[in-house]
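Data first, discussion second: the structure below is written as structure tokens.
Taken together, the values in this text are just the output of simple stated rules run on the coordinates, not laboratory data. Note that this is a predicted model, so its numbers are computed, not measured. Here Cβ is always computed from backbone atoms with ideal geometry, including for glycine, and neighbour counts include all displayed protein chains.
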Amino acid sequence: MSAKGAGNEGKIETVEEHPLDHILRQDRLPHIWCPGCGLGSAMTCFAQAIERVDIPLKKQVLLSGIGCTGRIAGYVNVDSYHTTHGRAIPFATGLKIANPELCVTVFSGDGDLFAIGGNHFLHAARRNVDINVICVNNFNYGMTGGQQGPTTPVEAKTSTTRYGSFEHPFNLPYLAAAIGAVYVSRWTTLHCRHLEKSMEKALQKKGFTFIEIISPCPTGFGRPNKLGEGLEELRYYREKSVIKNDASWDELELHMRGEEPVVVGDFVDTERPTYLELEEQMLRAKGLMK
Amino acid sequence: MKAVLTGSHFMLGDIACAEGALAAGCKFFGGYPITPATETAERMALRLPQVGGHYIQMEDEIGSLAAVLGASCAGVKSMTATSGPGFSLMQENIGLGIVTETPCVIVNVQRGGPSTGLPTLAGQADMMQAKWGSHGDYEAIAYVPNSCQEMFDFTIKAFNTAEKYRQPVFVMADEIIGHMTERVVIPGPKKIKLVSRKRPKRKKNYLPFKPDKDLIPPMALAGEGYGIHVTGLTHDARGYPVIDEETQHEMVTRLIEKIRRHAPKIWEFEEVMTEDADIVVVSYGAASRSAGRAVNIARKEGIKAGLMRLITVWPFPEKRIKELAESAKAFVVPEINMGQISREVERFASGRVLSVTHAGGGMLSPEAVLQKIKEVAK
Ligand SMILES: Cc1ncc(C[n+]2csc(CCOP(=O)(O)OP(=O)(O)O)c2C)c(N)n1
Ligand code: SF4
Ligand SMILES: [Mg+2]
């Protein structure tokens with residue numbers, strides 16, 4: 001990250017440092033992601049958000065499971081834990097409880113968080129553990145070569161649904177809201193500003209927050225489903241996405257084809273005592289905490 | 001309430017285990033109820049809030065161990081307790097704990113298996129799983145208590161060893177010991193030796209996985225400002241993933257050597273009448289109580305039998321077995337499984353090794369051991 005548009009003259013000037021240089025691990029770049037992949041944008045938004053919020057970087061911890069998305073933990077320059085497939089949420093739960101001062105975020109893929117790790121997502125949200133979960137939904141298992149996953153839309157082609165998927169996918173914001181997440185939002189990687197604002201909000205909010213990022217995976221999903229390369233998929237997002245904070249849950253279903261809209265927005269923003277707050281309340285009442 | 005309940009108690013094995021953990025400074029328990037280990041979890045749920053710690057009941061054993069590792073990375077001594085089915089579910093994250101060098105204690109109060117097996121009855125058939133259960137090469141450390149007192153003592157040892165070598169350590173108890181009630185003497189807190197993980201001395205040039213001469217790297221915690229990256233992928237001294245043969249060789253060799261090189265300091269065993277023994281009985285856990293009795297009876301009947309009771313089964317005290325094999329005519333290995341550690345004894349004993357097996361569900365009898373001793377004595 002060393003080239004930057006210099007403004008008025010329209011020349012490209014090479015500068016020594018990019019404003020996000022210190023937030024990304026320079027010695028680990030370039031990243032492993034494919035051209036056109038949405039993960040770079042998702043990570044940039046996150047890097048910006050963690051810097052903007054009023055929480056020291058040294059108190060922020062980033063965790064992930066396994067997958068292309070899971071690699072984000074290795075690129076962001078905060079304490080980071082790249083755990084096992086699907087297990088970042090329970091790992092984060094232990095970490096947060098052991099040191100409540102930390103601002104803990106799990107960044108992972110749709111397969112990681114909702115197939116193999118689905119049960120942990122349910123329980124962390126139910127307990128209202130004070131962690132943030134950010135899911136990059138690219139509608140497939142990118143890392144293993146584009147297989148069907150729990151968010152693959154009906155009819156979509158993947159390497160294991162050659163005749164079109166005949167499973168109903170999860171509606172993630174609906175799921176998160178139903179099990180008690182205190183903040184739920186969804187954006188595409190095109191909605192950088194909104195996404196970053198949502199991330200800032202989530203980072204500062206107490207309780208279990210959830211952000212879904214709709215992201216192009218040209219390699220595993222875009223090409224087989226005629227969404228094209230990354231840029232074309234972004235064009236598709238621009239044409240089809242609708243910001244609707246008060247959308248009904250049905251409207252949040254994703255089809256990723258034809259004229260069906262991609263509804264994005266901030267859907268839930270509420271308060272509920274967190275796991276640690278309730279624990280403290282109970283123990284105090286029994287005289288076990290001063 | 002005190003963390004250390006100094007005094008003389010009449011205590012259930014599982015509870016003594018929990019008290020040992022508290023005396024060792026454990027402040028986090030993540031678990032999922034399972035017979036015959038539930039009483040440890042229940043005791044921790046009662047006691048941890050009294051000493052400023054946290055008990056969390058996770059959604060399964062996979063999540064339990066993940067939470068325990070997370071808590072340990074935040075700097076808190078952490079543990080879980082389970083039995084066969086839960087131990088099976090923990091295997092993947094045991095590998096994560098090994099490769100990320102995250103200290104913690106995993107108690108397995110063994111019951112009869114395979115599968116759901118015998119929830120309420122004893123077994124010792126997870127001994128090899130403790131060594132080989134997670135994929136890939138690694139060295140395990142496992143303590144095996146044979147009394148309620150040892151449930152207390154060895155849980156402390158397990159914490160100390162985990163902290164010292166930065167890896168998950170097992171307490172491989174069994175239903176008989178876990179569910180038995182005996183006298184347990186808890187010393188004063190000052191009498192209990194505690195070990196804490198090595199910590200980095202300065203931030204500059206700190207490489208999270210660069211070992212000291214003893215092959216153990218100092219451990220930085222989450223939130224201290226080191227900006228560490230910790231991954232289950234093969235990694236270099238910086239903790240960065242490197243997917244190649246050389247890094248794999250370096251990392252795996254060090255992790256294994258870290259334990260093998262210190263094995264003579266880690267392994268522990270107890271010997272009774274082995275000096276002149278023709279027949280050495282090697283046993284551990286509940287089975288070793290019957291083994292001890294059989295050896296005593298054999299001696300009374302004029303047979304030169306001795307007992308080597310394993311306190312650590314892993315690392316396996318191979319050196320001592322080799323020494324004993326120089327003079328012993330045969331080894332007899334009673335265990336409540338179909339012959340697991342007997343094969344390990346065979347690897348290092350040149351002479352005859354006979355196993356006394358029991359499929360699980362009860363105590364292996366002293367008679368069965370005695371009979372085998374008499375057979376080989378002929
Ligand atoms: C226990 C286990 N099973 C399977 C795998 C192989 N695997 C690695 S990543 C992955 C899927 C990742 O999909 P997703 O979470 O959607 O992430 P993406 O790559 O799409 O970002 C799978 C199945 C694994 N690492 N561990
Ligand atoms: S496979 Fe898909 S998700 Fe993975 S890096 Fe390539 S484009 Fe991105
Ligand atoms: Mg995916």
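For the reader, a short list of remarks on this structure follows.
- Global geometry of chain A, whether rounded, prolate or oblate, following the gyration tensor of its Cα atoms and the 1.5 cut on a/c: oblate
- Highest average packing first - B:279-285, A:185-191, B:133-139, Cβ atoms within 10 Å: B:279-285, A:185-191, B:133-139
- Shape class for the range B:1-151: oblate, because the ratio a/c of the largest to smallest gyration tensor axis (alpha-carbon atoms, square roots of eigenvalues) is 1.5 or more and b/c is at least a/b.
- Extension gain, B:Glu42 back to B:Lys319 (0.36 nm per residue minus Cα-Cα distance, nm): 95.8 nm
- Rh by Kirkwood over Cα pairs, then Stokes-Einstein D for the range A:130-176 at 1.306 mPa s and 10 °C, µm²/s: 139
- Bins of 10 Å from zero: percent of alpha-carbon pairs in the range B:203-311: 13, 27, 17, 14, 17, 10, 1
- The string of couplings for the range B:86-98 from the Karplus curve (6.51, -1.76, 1.60, θ = phi - 60°) is x, 5, 4, 5, 7, 4, 5, 6, 5, x, 5, x, 5 Hz, one whole number per residue in order, with x for Gly and Pro.
- Charged neighbours of A:Pro90, selected by a Cβ distance under 15 Å, balance to -2 (K, R count +1; D, E count -1).
- Environment charge at A:Gly265 (Cβ cut-off 12 Å; Lys +1, Arg +1, Asp -1, Glu -1): -2
- Karplus-based coupling profile of the range A:214-226, in residue order and whole Hz: 7, 9, x, 10, x, 5, x, 10, x, 5, x, 10, 6, with θ = phi - 60° in 6.51 cos²θ - 1.76 cosθ + 1.60 and x standing for Gly or Pro.
- Plainly put, the range A:139-290 has a radius of gyration that is 1.09 times its Kirkwood radius, both from alpha-carbon atoms, as the Rg/Rh ratio.
- Spatial extent of chain B: Rg and Dmax, with the Cα atoms as the point set, Å: 20.8, 68
- Note on B:10-23: average number of Cβ atoms from other chains within 10 Å of each residue's Cβ is 0.
- Spin-label pair B:Lys378/A:Glu271, simplified geometry with 7 Å Cα→Cβ offset, distance in nm: 8.2
- Cα-Cα separations in the protein assembly as shown greater than 33 Å, expressed as whole percent: 52
- Across peptide B:320-328, the mean count of Cβ atoms from other chains lying within 10 Å of each residue's own Cβ comes to 0.
- All-pairs Cα distance distribution in the range B:193-243, expressed in whole percent, bin size 5 Å: 5, 19, 28, 25, 15, 5, 2, 0, 0
- Each 5 Å bin from zero up to the one holding the largest Cα-Cα distance in the range B:272-377 carries the following percent of pairs: 2, 15, 28, 27, 19, 7, 1, 0.
- In terms of surrounding Cβ atoms within a 10 Å radius of their Cβ, A:Leu276, B:Leu48 rank from fewest to most as A:Leu276, B:Leu48.
- Shielding score for B:270-280, defined as the mean number of other chain Cβ atoms within 10 Å: 0
- Mean-position separation - Cα centroids, the range A:136-199 and the range B:110-145, in angstrom: 39
- Spatially proximal lysines relative to A:Lys157 (Cα-Cα < 27 Å; intrachain offsets below 8 disregarded): A:Lys226, A:Lys240
- Contact order relative to length of the range B:272-377, as percent, for alpha carbon pairs under 8 angstrom and 6 or more apart: 32
- Using the Cβ of B:Phe348 as centre and a radius below 15 Å, the other residues enclosed give a net charge of +3, where K and R count +1 and D and E count -1.
- Within straight-line cross-link reach of B:Lys372, lysines at Cα separation under 30 Å, skipping those fewer than 8 residues along the same chain: B:Lys131, B:Lys300, B:Lys304, B:Lys319, B:Lys322, B:Lys329
- Per the Debye calculation on the range B:175-260 with a single equal scatterer at every Cα and no solvent contribution, log₁₀ I(q)/I(0) for q = 0.12, 0.13, 0.15 Å⁻¹ amounts to -0.57, -0.62, -0.71.
- Couplings 3J(HN,Hα) of the range A:129-135, computed from phi: 5, 6, 9, 10, 10, 10, 10 Hz, in residue order, whole Hz [Karplus 6.51 cos²θ - 1.76 cosθ + 1.60, θ = phi - 60°; x for Gly and Pro].
- Here is how the number arises for chain A: DSSP H runs of 4 or more residues each give -39500 (n - 2.57), the sum is divided by the residue count, and the result at 222 nm is -8000 deg cm²/dmol.
- Taking amide hydrogens as placed 1.01 Å from N in the peptide plane, the amide H of B:Leu233 sits under 5 Å from that of no residue at least 5 positions away in sequence or on another chain.
- Per-peptide packing, taken as the mean over residues of other Cβ atoms within 10 Å, places B:165-174, B:214-223, B:63-72 in the sequence B:63-72, B:165-174, B:214-223 from highest down.
- Antiparallel DSSP beta bridges within the range B:10-127, as percent of all bridges there, nearest 5: 15
- Of B:Glu326, B:Glu335, B:Glu257, the residue with the greatest mean-square motion in the GNM of chain B, using alpha carbon springs below 10 Å, is B:Glu326.
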